[in-house]
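Reviewing the structure listed below.
The values are calculated or read from the model by the stated rules, or taken from the named source; none is laboratory data. The shown structure was predicted, so the numbers you read here are calculated from the model rather than taken from an experiment. Positions of Cβ are backbone-derived with ideal geometry, glycine not excepted, and every protein chain shown enters the neighbour counts.
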Amino acid sequence: MKLEQSRLCGAYYPNPLCYKIEWQFKTATGCDRHQLRLLSDCPNCGARFDVPALWVDRWCQRCFIFFPELVNWQRPMENQLEN
């Protein structure tokens, strides 16, 4: 089983911290609940997301943008082409 770098769906983070292990699998393309593509790096500053244990504050460790704001950069699953 191959794991990708840490990925998240910003739509989960207005609520208590949510981390789904299935988001880290290479086959995961998006969040099935919100129908959004997962993010592996911060679209604001380009930093890779740290390990989920460090997501307690719900912000990027480099630029401090809150995860709920990342929804503005996430694309719907049906609108992004597969690689």
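Among the conditions (1) in a helix (DSSP H, G or I); (2) modelled with pLDDT of 90 or more, His34 misses just one, which is (1). Is it true that Ala28 is closer than 14 Å to Phe67 by Cβ and modelled with pLDDT of 80 or more? It is false that Ala28 is closer than 14 Å to Phe67 by Cβ and modelled with pLDDT of 80 or more.
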